Structures are given as structure tokens and as C-alpha cells.
Amino acid sequence: MALATSGPHLIDRLPRPRGRLTADAPLGPQTWFRTGGPAEVLFRPADAEDLAQFLKALPPDVPVMALGVGSNLLVRDGGVKGVVIRLMRGFTGITVDRSEVVAGAGAPDLNVALTARDHALSGLEFLSGIPGTIGGAFATNAGAYGGELSEVLISAEAVDRRGAIHSVTAAELGFTYRHSQAPADWIFTSARLRAAPGDQLAIARRIAEIDSARTESQPRSRTGGSTFMNPPGHKAWELIDQAGCRGLKVGDAQVSEKHCNFLINLGDATAADIEALGEEVRRRVIAQSGLQLDWEIKRIGEVLA
């Protein structure tokens, strides 16, 4: 369903990049939940220079947001106004420089971990347990299985809303638990990560252990991953379970029976179903424990009228 517009379409006002512009592009199929509305315009830049030039020429009133693989994201049913930028070809390269790994923002975290393994570099195995891209890891200081981005990041490059390119160190990004102080309008384009020489067999074994742990404990279905952040001193899944929410449904959205901090699209759930389920879980948890759960999944776009 297209976003309601009056007059000429937004795409007619935009600069012409080397990359690809698509009007009213469906976003739901590009997210792990497989639901949600379209982007008013979807932009796939050819490379970082193309991205910077496009943003520099973009009218200042046009909203912009970046989309990775849509793993920790809920797109509301009314779609996303403005330009949604997806970093694909030109941003997925991974290279090794001695004991450091340089990855484009569009590179899947798993691929970065596997590249490090293939070069007998340790310290990045935890990335194999994060279902996203390197670029998507910055806003929340993504972490899993004993590691997080802030511990291995050396430096990064980003482009801001005005098209200026920034090179920053990890210390400058002010990382804390599931948070970064990076400006909200920055789109990260690459990262340089610290690794260390290691035993390739042991590295491979650790990645296999992480994969096995994910398979045993987490649903591998239409889900957005970990839904809520852990309150200090507590685990979100335990609070949800104690509040009697395991298996709870709203429409075709369900709290996972396997892992209570995962919401699932059983097939025909709308984004509104999923968000309403999450809010009901939050209501029940605060009623049962007095603790508030904060969303870890990013929710974007317009509520369908």
C-alpha cells in the first residue's frame, strides 16, 4: 500500500544518484518480521561517495533513515515517509589487514566472523550470534555471547545528513549498554575491527557453539530478534515469563514459546499486531514486577489510519 501523497511524488524532487531510487518500495519483505508498509522512496547507493553526494544535494526537509537487513526492526503498516537508504552492493566488502578486519556497513555480522575465522583471527566470534549488519550494530552497541561492538571497534566512517564524511574512533562514540552517542543522522559506512591471531580450529568451534546455542534457545522464524532490553540486574525473558506472557497472542503475533523475549509473526500478523503485543507484554510485566521493559527493536514509520 502506497503512502498517501498529494501532488507530485517525492521521487520527482530528489537528486539523481548513480545508485538506484525506487518509489513506494515495499519494506515488509525486507525485514525479518515480513510485515509492514512501504518506503516513500528507497535509495540503494552505489558507494559511500554516491551516498554523500546524494545527501548533500537532498532537500533539507526530506526525512532520511538507514535500513540494514531488517533484523531488529518493525516497520509500521502505514510505511515510512521520506527516503529509506539501504546499503547493499558497494558496502558489503570485508578485508583483512594483519590482525584487523575492515568491513563495509552492509556486511552481515556472520560473514565478518567467518572471514576472521578463515584468517585464524579470534575475538570476533560473538558477531556470528548477532543477526544483522555491521552498520546496524552502532546505534545499540550490539552484542551477544560475551562480546559487543565497543570492545572490538577501532574506528569507523560515517556520512551525516548534510553529506559530510566523518572518521571516528570507538572512544568518540560514547558506547554504553545497548546505546551509542553517535549523532542520530549519521549513516555508518564502514568499520575497522580489532582481532588477534588465534587457533583456527578453536575459533571455528566457538562459532559452531554459538550457532548451536541460538538454534536451541531462539526461534528461527519471522521474528525481530531480542525485543526488549534487559533492565539492570534482570533478564527480560524471565520477567516476561513470570508475567504469564509465554505464548500470548494478539492477532497473528505471538510471544515465542521457545524464548519469551522474542515476538513472532505466525504468518499474517500486521505490524500493529506485533506492536500491540509488545505493549501488552510491557503492561503485564510492570503490573507483575514493577519493572519497565524498554524496546530494543526499533519501530519506525506511520500507524495505518
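Does region 222-244 hold any residues that are open to solvent by 30 Å² or more (accessible area, probe 1.4 Å) and within 24 Å of the chain's Cα centre (by Cα), and which are they? Talk me through it step by step, then tell me what you get.
Here is the first cut: in region 222-244, the ones open to solvent by 30 Å² or more (accessible area, probe 1.4 Å) are 222, 226, 229-230, 232-235, 237-238, 241-242, 244.
Within region 222-244, R222, S226, M229, N230, P232, H234, K235, W237, E238 meet the criteria.
Checking C260 against (1) assigned to a loop (DSSP other than H, G, I, E, B); (2) surrounded by fewer than 21 Cβ atoms within 10 Å (Cβ to Cβ): exactly one of these is not met. Which one?
Against the list (1) assigned to a loop (DSSP other than H, G, I, E, B); (2) surrounded by fewer than 21 Cβ atoms within 10 Å (Cβ to Cβ), C260 comes up short only on (2).
Step by step: first the residues of region 264-305, then only those that are among the polar types (S, T, N, Q) and over 20 Å from L27 (Cα atoms), then the one that is surrounded by the most Cβ atoms within 10 Å (Cβ to Cβ). Which residue is that? Talk me through it step by step, then tell me what you get.
Start the filter on region 264-305 by keeping residues that are among the polar types (S, T, N, Q), which leaves 265, 270, 288-289, 292.
Next cut, over 20 Å from L27 (Cα atoms) only: 288-289, 292.
Working: Q288: 14, S289: 16, Q292: 11.
So, considering only residues that are among the polar types (S, T, N, Q) and over 20 Å from L27 (Cα atoms), the one surrounded by the most Cβ atoms within 10 Å (Cβ to Cβ) is S289.
Give the number of residues within region 89-105 that are touching a residue at least 24 places away in the same chain (Cβ under 8 Å), touching a strand residue (DSSP E or B) at 6+ places or on another chain (Cβ under 7 Å) and outside any strand (DSSP E or B).
Total meeting the criteria: 3.
Those residues that are within 15 Å of I210 (Cβ to Cβ), open to solvent by 10 Å² or more (accessible area, probe 1.4 Å) and either under 18 Å from the mean Cα position of the chain (by Cα) or acidic (D, E) (or both), I need them from region 110-146; list them, please.
Step one: list which residues in region 110-146 are within 15 Å of I210 (Cβ to Cβ), which gives 110-114, 116-117, 122-132, 142-146.
Going one step further and asking which of them are open to solvent by 10 Å² or more (accessible area, probe 1.4 Å), we end up with 110-111, 114, 117, 122-123, 125-126, 128, 130-132, 142-146.
Those that are within 15 Å of I210 (Cβ to Cβ), open to solvent by 10 Å² or more (accessible area, probe 1.4 Å) and either under 18 Å from the mean Cα position of the chain (by Cα) or acidic (D, E) (or both): L110, N111, E125, F126, S128, I130, P131, G132, A142, G143, A144, Y145.
Being among the hydrophobic types (A, V, I, L, M, F, W, C) and surrounded by fewer than 24 Cβ atoms within 10 Å (Cβ to Cβ) is the filter here; which residues of region 42-57 pass it? Lay out the reasoning, then the answer.
The first filter runs over region 42-57 and keeps only residues among the hydrophobic types (A, V, I, L, M, F, W, C), leaving 42-43, 46, 48, 51-52, 54-55, 57.
Within region 42-57, L42, A46, A48, A52, A57 qualify.
Is there any pair linking a residue in region 175-186 that is under 14 Å from E296 (Cβ atoms) to one that is surrounded by fewer than 16 Cβ atoms within 10 Å (Cβ to Cβ), with Cβ under 7 Å and at least six apart or on different chains, and which?
S180/G174
Taking Q254, is it farther than 30 Å from H119 by Cα, open to solvent by 30 Å² or more (accessible area, probe 1.4 Å), of a type in the set (S, T, N, Q) and not in a loop (DSSP other than H, G, I, E, B)? Step through it out loud before you land on a result.
Values: farther than 30 Å from H119 by Cα: yes; open to solvent by 30 Å² or more (accessible area, probe 1.4 Å): no; of a type in the set (S, T, N, Q): yes; not in a loop (DSSP other than H, G, I, E, B): yes.
In short, no.
Among the residues that make up region 227-247, is at least one of them in contact with a Gly (Cβ under 9 Å, 6 or more places away or on another chain) and not charged (D, E, K, R)? Don't jump to the end; show me each part of the working.
Residues of region 227-247 in contact with a Gly (Cβ under 9 Å, 6 or more places away or on another chain): 227-228.
This time we only want the ones that are not charged (D, E, K, R), so: 227-228.
Yes; the residues of region 227-247 include at least one that is in contact with a Gly (Cβ under 9 Å, 6 or more places away or on another chain) and not charged (D, E, K, R).
Consider region 191-221. How many of its residues are within 30 Å of D47 (Cα to Cα) and open to solvent by 30 Å² or more (accessible area, probe 1.4 Å)? It would help to see each step written out before you state the result.
Quick first cut of region 191-221, residues within 30 Å of D47 (Cα to Cα) only: 191-196.
Checking the rest, the ones that are also open to solvent by 30 Å² or more (accessible area, probe 1.4 Å) come to 192, 194, 196.
Count: 3.
Can you confirm whether region 97-107 contains a residue that is at pLDDT below 95 and out of contact with any Lys or Arg (no Cβ under 9 Å at 6 or more places or on another chain)? Write out each step before concluding.
The first filter runs over region 97-107 and keeps only residues at pLDDT below 95, leaving none.
Within region 97-107 (the criterion being at pLDDT below 95 and out of contact with any Lys or Arg (no Cβ under 9 Å at 6 or more places or on another chain)), the answer is no, since none of the residues qualifies.
Conditions first: (1) open to solvent by 10 Å² or more (accessible area, probe 1.4 Å); (2) touching a residue at least 24 places away in the same chain (Cβ under 8 Å). D61 passes all but one, so which condition is the exception?
(2)
Restricting attention to region 280-305, report how many residues are of a type outside the set (G, A, S), in a loop (DSSP other than H, G, I, E, B), in contact with a strand residue (DSSP E or B) (Cβ under 7 Å, 6 or more places away or on another chain) and closer than 20 Å to G37 by Cα. Write out each step before concluding.
Initially, region 280-305 is screened for residues of a type outside the set (G, A, S), giving 280-286, 288, 291-300, 302-304.
Among the residues that remain, those that are also in a loop (DSSP other than H, G, I, E, B) are: 291-294, 296-297, 302-304.
After this cut, where a residue has to be in contact with a strand residue (DSSP E or B) (Cβ under 7 Å, 6 or more places away or on another chain) as well, the list is 293-294, 296-297, 302.
Still in the list and also closer than 20 Å to G37 by Cα: 297, 302.
Matching residues across region 280-305 total 2.
Take region 22-32 and flag every residue that is more than 19 Å from the chain's Cα centre (by Cα) and crowded, with 17+ Cβ neighbours inside 10 Å.
Going residue by residue through region 22-32, those that are more than 19 Å from the chain's Cα centre (by Cα) are 22-24.
Answer for region 22-32, where residues must be more than 19 Å from the chain's Cα centre (by Cα) and crowded, with 17+ Cβ neighbours inside 10 Å: A23, D24.
Grab the strands (runs of 3 or more DSSP E) fully contained in region 33-88, keeping just those with 3 or more residues being within 16 Å of the chain's Cα centre (by Cα). Explain how you work it out, then say what you get.
Working: elements: 38-44, 64-67, 73-75, 80-86.
Per the criteria, 64-67, 73-75, 80-86.
Residue by residue through region 205-221, note down the ones that are touching a residue at least 12 places away in the same chain (Cβ under 8 Å) and more than 20 Å from the chain's Cα centre (by Cα).
If we filter region 205-221 for residues that are touching a residue at least 12 places away in the same chain (Cβ under 8 Å), which is where we start, we get 206-207, 210-211, 213-214, 217-219, 221.
Scanning region 205-221 gives R206, I207, A213, S217.
Residue by residue through region 129-173, note down the ones that are more than 17 Å from R192 (Cα to Cα) and touching a Lys or Arg at 6+ places or on another chain (Cβ under 9 Å).
Across region 129-173, the qualifying residues are G129, P131, T140, A144, Y145, R162, G163, A164.
The values are calculated or read from the model by the stated rules, or taken from the named source; none is laboratory data. Note that the structure is a prediction, hence the values are computed from the model and not measured. Glycine also receives a Cβ, built like all others from the backbone with ideal geometry; neighbour counts cover every protein chain displayed. Heads up: the accessible areas ignore ligands, DNA and RNA and are worked out on the full protein's heavy atoms, side chains in. Shrake-Rupley method; radii C 1.70, N 1.55, O 1.52, S 1.80 Å.
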